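The values are calculated or read from the model by the stated rules, or taken from the named source; none is laboratory data. These figures come from a predicted structure and were not determined experimentally. Cβ coordinates were reconstructed from backbone atoms using ideal geometry, including for glycine residues, and neighbour counts include every protein chain displayed.
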Amino acid sequence: MAQEGLVFVLDASVALSWGFEDETTPYTEAVLGALAEGEAVVPAVWPLEVGNGILMAERRGRLSHADAVQFLTLLRQLPIRVEPEPPERMLGEILALAREQGLSTYDASYLDLAMRLGLPLATQDDQLREAAERCGVRVYAL
């Protein structure tokens, strides 16, 4: 059970898993359960990244349009706060962090947000987990 008021950075890999039965794990289910009493913070790129994952799943026949609508409804009901980010920061500090850690700029945006806010990072991405550990960012654990 998540502690009351837990706040963490949520990456798209975890959120997207909730839309696919074959991708959910005890870890992703625990993160979803933590949102019953907590809140997730996501970088500005998160809605586009999640939207693209849903669109690709529709195009590949993994999700019907109806399933996508139902999944988006679930996501909208969750306590997920999008943290705005100015383009100058995206093309400055976040780009530099991506270079330094060998990440995509998308992944670096999650790491940067967790670092700035001092929050744990919920991710399934091994490369992002390793970068978080190198940077002293806590990874959300069960």
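Observations on the model:
- Arg62 passes every criterion in (1) of a type in the set (D, E, K, R); (2) at pLDDT below 95; (3) surrounded by 11 or more Cβ atoms within 10 Å (Cβ to Cβ); (4) more than 21 Å from Val14 (Cα to Cα) apart from (4).
- Scanning segment 1-24 for residues that are modelled with pLDDT of 95 or more and farther than 25 Å from Glu93 by Cβ returns Leu16, Ser17, Trp18.
- Whether a residue is in contact with a Cys (Cβ under 8 Å, 6 or more places away or on another chain), surrounded by 19 or more Cβ atoms within 10 Å (Cβ to Cβ), modelled with pLDDT of 95 or more and closer than 23 Å to Glu130 by Cβ was assessed, and Leu111 passes this test.
- The condition of being out of contact with any Ser or Thr (no Cβ under 6 Å at 6 or more places or on another chain), in contact (Cβ under 8 Å) with a residue 24 or more places away in the chain and not in a loop (DSSP other than H, G, I, E, B) holds for only one of Gln70, Gln127, that being Gln127.
- Pair list, Cβ under 8 Å, 6 or more apart: segment 12-38 residue among the acidic types (Asp, Glu), other residue surrounded by fewer than 15 Cβ atoms within 10 Å (Cβ to Cβ) and not in a helix (DSSP H, G or I): Glu37/Gln3; Glu37/Glu4; Glu37/Gly5
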